[in-house]
Amino acid sequence: MHTSPLFFFLVLLYYFLFLDIFVYYMKNFILCQTIILKKFF
């Protein structure tokens, strides 16, 4: 199976985009958890 460089680039781009969004949401989630914990303790 032959894949074009453009296709590979797009996949890489989507992968990094997804990773960026995932990291962003994880940071927000952790931040919210710590705020909630500080509220209760």
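The values are calculated or read from the model by the stated rules, or taken from the named source; none is laboratory data. It should be emphasised that the depicted structure is a prediction, and the values quoted were computed from it without experimental measurement. In this analysis, Cβ positions are derived from the backbone assuming ideal geometry, glycine residues included, and neighbour counts consider all displayed protein chains.
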| request: State all residues of the chain that are outside any helix (DSSP H, G or I) and either aromatic (Phe, Trp, Tyr) or touching an Asp or Glu at 6+ places or on another chain (Cβ under 7 Å) (or both); if no residue qualifies, say none. | output: Phe41
| task | Scan (1) surrounded by 10 or more Cβ atoms within 10 Å (Cβ to Cβ); (2) at pLDDT below 90 for the single condition Leu31 breaks and write down its number. | result | (2)
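Here are some residues: Phe8, Phe40. Which one is free of Cβ contacts under 8 Å to residues at least 12 places away in the same chain, surrounded by 10 or more Cβ atoms within 10 Å (Cβ to Cβ) and out of contact with any strand residue (DSSP E or B) (no Cβ under 6 Å at 6 or more places or on another chain)?
Phe8
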